């Protein structure tokens, strides 16, 4: 496959995985939402350890599929400001669950079975996670084609405290130097963001220092339920539909005139409706109107 002669989407969905991996992002964010919703649909008690174990196994399966498709660095939040601000049983057990189920023996066995390096960033704002962060570094691969990065960010302010402390400690004068100060190595810039439900971007999910030109996608399916076909569809759009920029824009704007109705009457991405009382759901997007010269 090549960008000069792109495959059809059907060809891409059926292509050998090596060809798909060749156009995958080196670094991406997976910002799962709706994991509790998925568990409730599956009939699992959300206040039980069964929920956490079930969610972890779903996470491993999802991340394994993404790594097989060519992703090298995968970033995901393990504690976010929204989670940290909750009340009730879930919030009371949050740190314990993270330590026991994302960094415990069952987790380490899964990471090592897959050959992943696993690292935890942001633990400085939650001192209880210091030992767990060290254990992940000591107990998972030193070198690997696949690195799973967990973020633990309890407040939005703690993100800036982390960045400023790293810059002060290291004397970093460039983004590259700051990346090395925070992560301990050079990390490619993130170029794909996969979120769920409402289209929103949070610095707790998209690390500011690692954001390159990021192509964003959102799914209403609960996190960790994407199958290979859906992920390949996202990669197809990322690799072949989104790259429309060109240095020489001569005639480009004029070529847009044939699609005047699509531009002037097009939808607004991000509008939605309520699904029941508790959930936002995206509004339907109609197909584009016929272009000038097309048959009505």
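The values are calculated or read from the model by the stated rules, or taken from the named source; none is laboratory data. Everything quoted here is computed from the prediction, not taken from an experiment. Virtual Cβ from ideal backbone geometry, glycine too; neighbours counted across all protein chains shown.
Looking at (1) closer than 30 Å to residue 123 by Cα; (2) at pLDDT 95 or above, which is the one condition that is false for residue 237?
(1)
On the given criteria, is residue 246 outside the structural domain of residue 51 (by TED's automatic domain parsing), surrounded by fewer than 18 Cβ atoms within 10 Å (Cβ to Cβ) and either in contact with a helix residue (DSSP H, G or I) (Cβ under 6 Å, 6 or more places away or on another chain) or closer than 28 Å to residue 271 by Cβ (or both)?
no
Let's see how each residue does on (1) buried (at least 18 other Cβ atoms within 10 Å of the Cβ); (2) more than 21 Å from the chain's Cα centre (by Cα); (3) assigned to a helix (DSSP H, G or I):
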residue	(1), (2), (3)
70	yes, no, no
76	yes, no, no
86	no, yes, no
93	no, yes, yes
96	no, yes, yes
111	yes, no, yes
118	yes, no, no
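For region 12-23, state whether one or more residues are surrounded by 14 or more Cβ atoms within 10 Å (Cβ to Cβ), under 30 Å from residue 100 (Cβ atoms) and touching a residue at least 12 places away in the same chain (Cβ under 8 Å).
No, that holds for no residue.
Determine whether residue 204 is crowded, with 19+ Cβ neighbours inside 10 Å and in a loop (DSSP other than H, G, I, E, B).
In short, yes.
Need the failing condition index for residue 11 against (1) at pLDDT 90 or above; (2) in the same structural domain as residue 151 (by TED's automatic domain parsing), just the number.
(2)
May I ask you to verify whether residue 125 is touching a helix residue (DSSP H, G or I) at 6+ places or on another chain (Cβ under 8 Å) and over 23 Å from residue 26 (Cβ atoms)?
So residue 125 fits the description; yes.
Would you check if residue 223 is surrounded by 15 or more Cβ atoms within 10 Å (Cβ to Cβ) and either modelled with pLDDT under 90 or out of contact with any strand residue (DSSP E or B) (no Cβ under 9 Å at 6 or more places or on another chain) (or both)?
Yes.
Would region 198-206 turn up any residue that is in the same structural domain as residue 119 (by TED's automatic domain parsing) and over 21 Å from the mean Cα position of the chain (by Cα)?
Looking through region 198-206, none of the residues is in the same structural domain as residue 119 (by TED's automatic domain parsing) and over 21 Å from the mean Cα position of the chain (by Cα).
Please go through region 17-35 and pick out each residue that is part of a helix (DSSP H, G or I) and at pLDDT 85 or above.
Across region 17-35, the qualifying residues are 17, 18, 19, 20, 21.
If you go through region 47-58 one residue at a time, do you hit one that is in contact with a helix residue (DSSP H, G or I) (Cβ under 8 Å, 6 or more places away or on another chain), outside any helix (DSSP H, G or I) and over 18 Å from residue 235 (Cβ atoms)?
yes
Test residue 180 against the stated conditions and say whether it is modelled with pLDDT of 95 or more and either under 19 Å from residue 26 (Cα atoms) or not assigned by TED's automatic domain parsing to the domain that holds residue 72 (or both).
Criteria met by residue 180.
Is it the case that some residue within region 128-136 is farther than 17 Å from residue 204 by Cβ, surrounded by fewer than 17 Cβ atoms within 10 Å (Cβ to Cβ), assigned by TED's automatic domain parsing to the domain that holds residue 56 and under 23 Å from the mean Cα position of the chain (by Cα)?
Scanning region 128-136, I find no residue that is farther than 17 Å from residue 204 by Cβ, surrounded by fewer than 17 Cβ atoms within 10 Å (Cβ to Cβ), assigned by TED's automatic domain parsing to the domain that holds residue 56 and under 23 Å from the mean Cα position of the chain (by Cα), so the answer is no.
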